Amino acid sequence: MNYQNYFREVTPYVPGEQPREKNIIKLNTNENPYPPSPHVASALREIGGANTRKYPDPAATLLVDALAKRYGVKSSQIFVGVGSDDVLGMCFLTFFNSDRPILFPEVTYSFYPVWAGLFRVPYRAVPLREGFRVDPQDYIAENGGIVIANPNAPTGIALSVSEVETIVANNPDSVVIIDEAYVDFGAVSCQCLLDKYENLVIVQTFSKSRSMAGMRIGFCMAAEPLIAALQSVKYSYNSYTMNEASILAGKAALEDEAYFSDTCARIMQTREWTREELKKLSFSSTNSSANFLFVTHSRVPAKDIFEQLRQRKIYVRYFAQPHIDNYLRITIGTREEMQALLAALKDIVGER
Ligand code: PMP
């Protein structure tokens, strides 16, 4: 029996742990420590079970229209999906179909090489410059598409709009995807370039800045022909990706702008405070514009710190990968959670 020879061979993405124990401090998957807007809970209460009898609107019109209004674009310039992972996967499938390699930074969101493998897209991981810097000039090279996380993950370092523009303007023959999963925590969105460039796709998510990772809502904005192409691919695969509850809860979240900006501001304040406190413990960190810090200690190896934090039920992220294996990525939690983290770190790095 050789039927296994015909299985698709893949190397899957490894998400951060989701421990189910109580009384842990979970700073390992960049979730938002605050609940979503109270509008979301009301919307979910209203749905109850009644509407689950029917299929949802395959075009998720209510959510798409609310996004178009919020971001000042046409509804025909928006595509939604089950988290930005779904949107990014659809973008790879739709836009990356050449024999030329797609380009992305060597240190970045580790799902990019996984989709490339799954969809059999050749790729070249571009080395970073000193200090984990993405150099736009490195992306002026032969390619079949480009994907950049901005701010980058797990470094948190953001490119300016003009740096992104250099990449987009110099690659008119391929699609450039800017993954803005963390943009609301202090970076500037490249949405402003959409009117000028029809080869640009801006991807965002409700998982981080809108505290809705569990609802799985992502979206992208682009010129109309790109959105139409994405829809054709989606309707060739699964028409009903967005469920009714996510459509309505997503729309409700967009209607509470004050809550959104307030929680983002709190996270940014806590990030800057934590960064200063970490400095006092001899940690250094990148200049993060995201809801996490990327840190290294002057003496104690990151892996040791990671393990000792874990024993104390504090979960952060450690990547056993070249270039970053002496770093920890720490999600910004509440001020109290960060205080507990700092107390544990003081103990751990002070012990030596
Ligand atoms: N892009 C980046 C850079 C991320 O870190 C993540 C979170 N793992 C995602 C996209 C996907 O997030 P989601 O599918 O929850 O929208």
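Every number in this text was worked out from the coordinates using simple rules, so none of it is lab data. Since the structure is predicted, the reported quantities are computational estimates derived from the model, not experimental observations. Please note: Cβ atoms are built from the backbone with ideal geometry, for glycine as well, and neighbour counts cover all protein chains shown.
Need the C-alpha centroid separation for segment 95-169 versus segment 210-276, integer Å.
Comparing the Cα centres of segment 95-169 and segment 210-276, I get a distance of 22 Å.
With +1 on each Lys and Arg Cβ and -1 on each Asp and Glu Cβ, how big is the dipole of the chain about its Cα centre, in debye rounded to the nearest 20?
Numbers: 36 positive and 39 negative charges, 195 e Å.
Roughly 940 debye for the chain.
Beyond 30 Å between alpha-carbons counts as too far, so tell me which of 74/208; 208/279; 22/234 fall in that bin. Numbers along the way, then the final one.
Values: 74/208 24 Å; 208/279 25 Å; 22/234 38 Å.
In this structure, 22/234 exceed 30 Å between Cα atoms.
Say the cut-off is 25 Å between C-alpha atoms; which of 26/54; 280/303; 26/69 go over it?
Working: 26/54 36 Å; 280/303 20 Å; 26/69 34 Å.
Violating the 25 Å Cα-Cα cut-off are 26/54; 26/69.
Any idea which of 76, 103, 140 is furthest toward the positive side of the dipole for segment 38-255, if Lys and Arg beta-carbons carry +1 and Asp and Glu beta-carbons -1?
Towards the positive end, the residue furthest out is 76.
Rounded to the nearest 5, what is the percent of antiparallel bridges among the DSSP beta bridges in segment 38-255?
Details: 10 of 23 bridges.
Roughly 45 percent of the DSSP beta bridges within segment 38-255 come out antiparallel.
Of all chymotrypsin sites (Phe, Trp or Tyr not before Pro) in segment 1-51, which ones are in loop regions per DSSP and have a Cβ with at most 10 other Cβ atoms within 10 Å?
Working: sites: 3, 6, 7, 13; in loops: 7, 13.
Sites meeting the loop and neighbour criteria: 7.
Can you compute the helix-only [θ] at 222 nm over the chain? Use -39500 (n - 2.57) per DSSP H run of at least 4 residues, normalise by all residues, nearest 500 deg cm²/dmol. Intermediate results must be reported in sequence, preceding the final value.
Numbers: 10 runs with 122 residues, N = 352.
So the calculated ellipticity at 222 nm is -11000 deg cm²/dmol.
Considering Cα pairs under 8 angstrom that are at least six residues apart, work out the relative contact order of the chain and quote it in whole percent.
With pairs under 8 Å counted, the relative contact order is 24 percent.
Can you put 203, 14 in order of Cβ neighbours within 10 angstrom, beginning with the fewest? Let's see the in-between values first.
Values: 203 24, 14 10.
Exposure proxy ranking, most exposed first: 14, 203.
Positive end of the dipole of segment 38-255, charges at C-beta (+1 Lys, Arg; -1 Asp, Glu), about the Cα centre: which of 38, 52, 128 has its Cα farthest in that direction?
Value: 52.
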